[in-house]
Amino acid sequence: MLRINHFTKSYKGGKKAVDDLSLQVLPGDIYGFIGHNGAGKTTTIRAVVGILDFEQGDIEINGISIKKDPIACKSVTAYIPDNPDLYEYLTGIQYLNFVGDIFRISKEAREERIARYGDAFEITKSLGDPLSSYSHGMKQKLAIISALIHTPKLLVLDEPFVGLDPKASHTLKEIMKELCATGSAIFFSTHVLDVAEKLCNKVAIIKDGRLVESGTIEEIKGNSSLEDVFMELIDHE
Amino acid sequence: MSNLSILLKNQLRSYFGINKALHQRGGMARAKGIGLLVLMGAGAIAILAYIYLYVWLLATGLASVGMIEYLLPLVMALCCVVVLYFSIMRPNGILFGFKDYDLLMSLPIRTSTIVASRIITMYLSNLFFTVLLMLPTLVIYLQFASVTWVFYPIFVLTFLFIPLIPILIGSFVGSLVTIVSARFRYKNALNILLTLALMGAVIYFSTTLDTSEMDMGDFGAMVMEQINGIYPLAGLYYRAVSNYDWLATLLFLGISLAFFLLVSFLFGWKFKAINTLLTTTKARSNFKMRSLKTASPSSALLRREIRRYLSCPVYLMNTITSVLMGIVLCVLLLFFGGEQLETFLQLPGFAEMVLPIAPFGVSLFVALTCTTAPSISLEGKNLWIVRSLPVPSRSVLWAKINLNLILVVPASLICGGILTFALRAGWKDCLMLFALPLAYGVFIALFGLITNLKFPNFNWKTESRAVKQSMSTFIATMVGMLVAAAPVVLLMVLELSGTLVTLATLGILVLLNLLMVLWINTKGAKVFDSLA
């Protein structure tokens, strides 16, 4: 579903934010991407969803290169950033309708999915209000709904649980499992190792732009906890 | 260093990207930042030159009737109108509702200090307009009038106090509009309508000439009465700088300062309350799922641009005023004819030249209507949305261009239609009255976008900064004015054939427009793809 091949991103001055990263996310995977602050997680994620330009390496979604055909890749991908800055001048429903129009979702499918996810996240009543009146958590929920309404094959999330109330977090986890059960894949970064340990079937640990470990959750943590393994790797690499 | 000076230093160095320019890493980036500042300086000089020319014409006229002493108060009054006009649009985002409000108010700094720093920043930025207008006026005045040494300290003292009252009146009225409209659901629409009504009132009252009771025997008093009609303190200012009246000087300074301190105190007193009112949005939370309308991706993108435009009063006011003024002038020409407009605009010889320069006149107003220049910058922190969606960058850019065209095309057609009728234009002139403004409209839409692609700024704190204090807006405005004015200069100064100049201009614009379309669809889209 997602193949990152030798992805390297350097900024001006030669500093490498990500160095020679390679990993693969298969359909059905819930893939956790873990690392300390400034490790290169967001840089990687932004490159995957086509926001960040890069020169070295390649990223393929559904076998299509993000460089060669970004539109095709974005058509099957949904992205939720860690701090979803949405259009404050739109109402919730206007924003969802906008996304629906871009993805050419039919009227019936759009209405059904917005109603379903709106109720699941308990935000339906607020959809008529301007986004400027939404709290951070409400914006997060709306961003999640906007990502789900076009049934993406690859869902990419950057710190998705930050700002969500416990019920919404639980709802999101259930939806993630449902999506993967239908053959989609999820690639998300998180600092909450507990969540990664329970939710993910695979993880990758990145440090200072380089991949230090990747594999199934069982392979990575063995008999320890993911937190212990993470601390060991980060301190001693 | 006091808290006030710390706040002022912080606010002023972020103006025009000065701080960013000076601290950019990398020689090239830093040079580019500094180069842009130099360019803006050059632009300011160009504006100074234009104002010098205009004031020179005024001074020549006044000197010919022995009334040069009215030059300074007249320009001062006009300066106050300009400051008032811009201050009505600026308070939201500068004085109230600014993005770092939470941060500043959580610091151990008195509210009154924060308010003072914002007001002083507004004063200093408006002093810029005062310098632009009064400095060339002073230079010209000294060439026509004899002054004694007393003139200079009086001029300098009064100069510093000129913008005080207009800033506070404008800010007060602008804030009132924002506060009143904040209580309504469609607050932005109401804000825009109220602001437009105010703009219209300012222009109307500053240009209304009541000639019914004039005693032509006392021309000087008549002129002064007209100037006082524009700005009531102009009489005091006249006595100060022309008659070296120290009492008038002290009264002018005293009234300005007293008013300034009183209104500043009022603002400070209600600062938190006003900001709370502005930053808390009413949520009805009563939405029920209903039937949704679908649209194509390109329609969705255009609708997004339109909603963005209508949601931001400063964005709308900064771009729509020009075409509205153009339409109003065309209507005035239709009803009053060239001679009366000559008096209204204070442009001698206007009536005779109106037909050959009419297409360029309309084109000037159209060329100053550029919504694309800040449109990419205004994506701000929302840029990730369109960049992550499956839409070609070309489509995003064309939605921005189309918004601009929605304004300029109907305006060009309306003005062309009115002028064709008003000037009884033949078919050739009629064609030019439509074709030229349309070509300029397309030009400025495309050029503004290219400028913003070259000079994007996503880190603005207020929309006002992105719209008005951006390099792309500045360049687009300067180029728009230059491109519209250059053929008129050729027409008037070199006395070339009107038809030749008009056709040549049209041809050049069409060619430039085609080249820009090609660039936008190819390289421009790639530039947009590289923005992050």
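Since every read-out is calculated from the coordinates, none of them should be taken as a lab result. Just so it is clear, the model here is predicted, and its values are computed rather than measured. Neighbour counts run over all protein chains shown; Cβ positions are idealised from the backbone, glycine included.
For every helix of n ≥ 4 consecutive DSSP H residues, a contribution of -39,500 (n - 2.57) applies; sum these over chain A, divide by its total residues, and give [θ] at 222 nm rounded to the nearest 500 deg cm²/dmol.
-11500 deg cm²/dmol
Report the calculated FRET efficiency for A:Ala115 and B:Leu310 (r = Cβ-Cβ distance, R0 = 35 Å), to the nearest 0.05.
My answer for the efficiency is 0.80.
Kindly identify segment A:92-153 as rounded, prolate or oblate by the Cα gyration tensor criterion: order the square roots of the eigenvalues as a ≥ b ≥ c, call it rounded if a/c is under 1.5, otherwise compare a/b with b/c, prolate if a/b is larger, else oblate.
Note, shape of segment A:92-153 comes out prolate.
What FRET efficiency comes out for A:Ser106 versus B:Lys461 if R0 is 51 angstrom and r is the Cβ-Cβ distance? Round to the nearest 0.05.
Calculated value: 0.80.
Beyond 18 Å between alpha-carbons counts as too far, so tell me which of B:Lys272/B:Lys468; A:Lys68/B:Lys523; A:Lys15/A:Lys74; A:Lys173/B:Lys381; B:Lys400/B:Lys526 fall in that bin.
Over 18 Å Cα-Cα: B:Lys272/B:Lys468; A:Lys15/A:Lys74; A:Lys173/B:Lys381.
Given 37 °C and 0.692 mPa s, compute D for the protein assembly as shown with the Stokes-Einstein relation, Rh being the Kirkwood radius over Cα pairs; round to the nearest whole µm²/s.
Diffusion coefficient, whole number: 112 µm²/s.
Which distance in nm do the two modelled labels at A:Asn5 and B:Phe421 give, with both placed 7 Å along the Cα-to-Cβ direction?
Label-label distance for A:Asn5 and B:Phe421, simple model: 6.7 nm.
What's the extension gain from B:Ala504 to B:Val328 if we count 0.36 nm per residue and subtract their Cα-Cα distance?
Value of the extension gain: 60.6 nm.
Using +1 on the beta carbon of Lys and Arg, -1 on that of Asp and Glu, and nothing else charged, what's the dipole of the protein assembly as shown about the Cα centre, debye to 20?
1000 debye
Determine the distance separating the Cα centre of segment A:95-160 from the Cα centre of segment B:474-496; give it in Å without decimals.
Cα centres, segment A:95-160 to segment B:474-496: 50 Å.
Once phi is turned into θ = phi - 60°, what whole-Hz ³J(HN,Hα) does the Karplus curve with 6.51, -1.76 and 1.60 give for every residue of segment A:99-111, x standing for Gly and Pro?
4, x, 5, 5, 8, 6, 7, 5, 4, 5, 4, 4, 5
Can you pull the mean other chain C-beta count within 10 Å for peptide B:299-311?
3
Once label points are set 7 Å from the Cα along Cα→Cβ at both B:Ser146 and B:Ile120, what is their separation, rounded to one decimal in nm?
So the label points at B:Ser146 and B:Ile120 sit 4.3 nm apart.
Expressed as a rounded percentage, what relative contact order does segment B:386-472 have, with Cα pairs under 8 Å and six or more residues apart?
27 percent
Would you kindly work out the equivalent ellipsoid of segment B:373-495 from its C-alpha gyration tensor and give its semi-axes, the square roots of five times the eigenvalues, largest first in whole Å?
After scaling each eigenvalue by five and taking roots: 33, 18, 11 Å.
Hey, fewest Cβ within 10 Å first, where do B:Tyr440, A:Tyr117 land in order?
Taking fewest neighbouring Cβ atoms as first place, the list is A:Tyr117, B:Tyr440.
Of B:Phe159, A:Phe187, A:Phe7, B:Phe421, how do they rank once you tally other Cβ atoms within 10 Å and put the fewest first?
Ascending number of Cβ neighbours within 10 Å: B:Phe421, B:Phe159, A:Phe7, A:Phe187.
Give the peptides A:21-29, A:189-197, B:469-477, B:300-308 in descending order of average Cβ contacts within 10 Å, highest first.
B:469-477, B:300-308, A:189-197, A:21-29
Using a simple spin-label model with points 7 Å from Cα along the Cα→Cβ vector, what separation in nm is obtained for A:Thr216 and A:Ser65?
3.3 nm
Once amide H atoms are built 1.01 Å from N in the peptide plane, which residues 5 or more positions from B:Phe98, or in another chain, come under 5 Å H to H?
B:Gly93
Could you tell me which of the pairs A:Lys16/B:Lys9; A:Lys107/A:Lys153; B:Lys293/B:Lys454 are separated by over 25 angstrom between their Cα atoms in the structure shown?
From the list (A:Lys16/B:Lys9; A:Lys107/A:Lys153; B:Lys293/B:Lys454), the Cα-Cα distance tops 25 Å for A:Lys16/B:Lys9; B:Lys293/B:Lys454.
Kirkwood hydrodynamic radius, computed over distinct alpha-carbon pairs, for segment A:191-230: how many Å, to one decimal?
It works out to 10.2 Å.
Explain nothing, just the number: dipole magnitude of segment A:13-114 about its Cα centre with +1 on each Lys and Arg Cβ and -1 on each Asp and Glu Cβ, in debye rounded to the nearest 20.
Magnitude of the dipole: close to 60 debye.
Taking square-rooted eigenvalues a ≥ b ≥ c of the alpha carbon gyration tensor, is segment A:65-223 rounded, prolate or oblate, where a/c under 1.5 means rounded and, failing that, a/b exceeding b/c means prolate?
prolate
Looking at the protein assembly as shown, send over the antiparallel percent of its DSSP beta bridges, to the nearest 5.
50 percent
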